[in-house]
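The values are calculated or read from the model by the stated rules, or taken from the named source; none is laboratory data. Treat the numbers as computed from the prediction; the structure is a model and nothing was measured. Here Cβ is always computed from backbone atoms with ideal geometry, including for glycine, and neighbour counts include all displayed protein chains.
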Amino acid sequence: MSSQAAPAAPAAPDIHNSPPSLAVLFIAFAKMSLSGFGGVLVFARRAIVEEHRRMTAEEFNETFALCHFLPGPNIVNLSLVFGSRFRGIAGGVAAFAGLVGPPMLLVTALAAIYSHFGQVDGLRRVLGGVSCAAVGLLVSAVFRMMLPLLKKRDVLGLLVMGAVFAAIGLSRLPLPAVLLVAIPVSLAVTYAKIRWAR
């Protein structure tokens, strides 16, 4: 009686080797932007890292950090960098168009409506409630982006992050001045950790 081994399960496709098409990039960022009440960052991270696994949590943090230091809105920079990573300049344009195009049409229509009904007291209360939800979404995104640092027990990274938060959020120091100090310190800390690991 011959025993045959069960056929091996097919390996999961490596998503990093199957780049999304231009249409997929456009649609994905359009969905993010139209879902992104209170900011697109939360939905972008969920789609890129958790749902489609196009980046690891660390890759997303590193890319977003780069976009944070470039001129322009962070999430717009992220769409261009992400799209370009997979499909070059055309991919960056497709992701950017998906991120900006549909919300621009929607906001233009809403602005026309708001110009007529913006003074209604009930509408103001609704917008006040929406702002609270937006803050909650942002806090949840920040916490998820902190998880890689917490998992690695990166004490120095957390100290730098806490110092930047205290300088900008609590002490109200100017952002450019804080960045002029924080960027060299972050680079020095990273370099020291690499040297120490060797």
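The number of residues in the stretch 28-65 being out of contact with any Gly (no Cβ under 6 Å at 6 or more places or on another chain), crowded, with 19+ Cβ neighbours inside 10 Å and assigned to a helix (DSSP H, G or I) comes to 12. Quick check: is even one residue across the stretch 66-80 part of a helix (DSSP H, G or I) and in contact with a His (Cβ under 6 Å, 6 or more places away or on another chain)? Yes, the stretch 66-80 contains a residue that is part of a helix (DSSP H, G or I) and in contact with a His (Cβ under 6 Å, 6 or more places away or on another chain). The residue of the stretch 78-132 that is surrounded by the fewest Cβ atoms within 10 Å (Cβ to Cβ), among those that are within 17 Å of residue 22 (Cβ to Cβ) and among the aromatic types (Phe, Trp, Tyr), is 86.
Per the conditions (1) in a helix (DSSP H, G or I); (2) surrounded by 12 or more Cβ atoms within 10 Å (Cβ to Cβ), the sole criterion not satisfied by residue 162 is (2). I'd like the full set of residues that are surrounded by 13 or more Cβ atoms within 10 Å (Cβ to Cβ) and within 23 Å of the chain's Cα centre (by Cα), limited to the stretch 166-182. Within the stretch 166-182, 167, 168, 178, 179, 182 qualify.
Within the stretch 108-122, restricting attention to residues that are hydrophobic (A, V, I, L, M, F, W, C) and part of a helix (DSSP H, G or I), the residue that is modelled with the highest pLDDT is 109.
Can you go through 144, 87, 125 and tell me which one is touching a Pro at 6+ places or on another chain (Cβ under 7 Å) and in a helix (DSSP H, G or I)?
Numbers: 144 fails: touching a Pro at 6+ places or on another chain (Cβ under 7 Å); 125 fails: touching a Pro at 6+ places or on another chain (Cβ under 7 Å).
Step by step, each of 144, 87, 125 is checked, and only 87 is touching a Pro at 6+ places or on another chain (Cβ under 7 Å) and in a helix (DSSP H, G or I).
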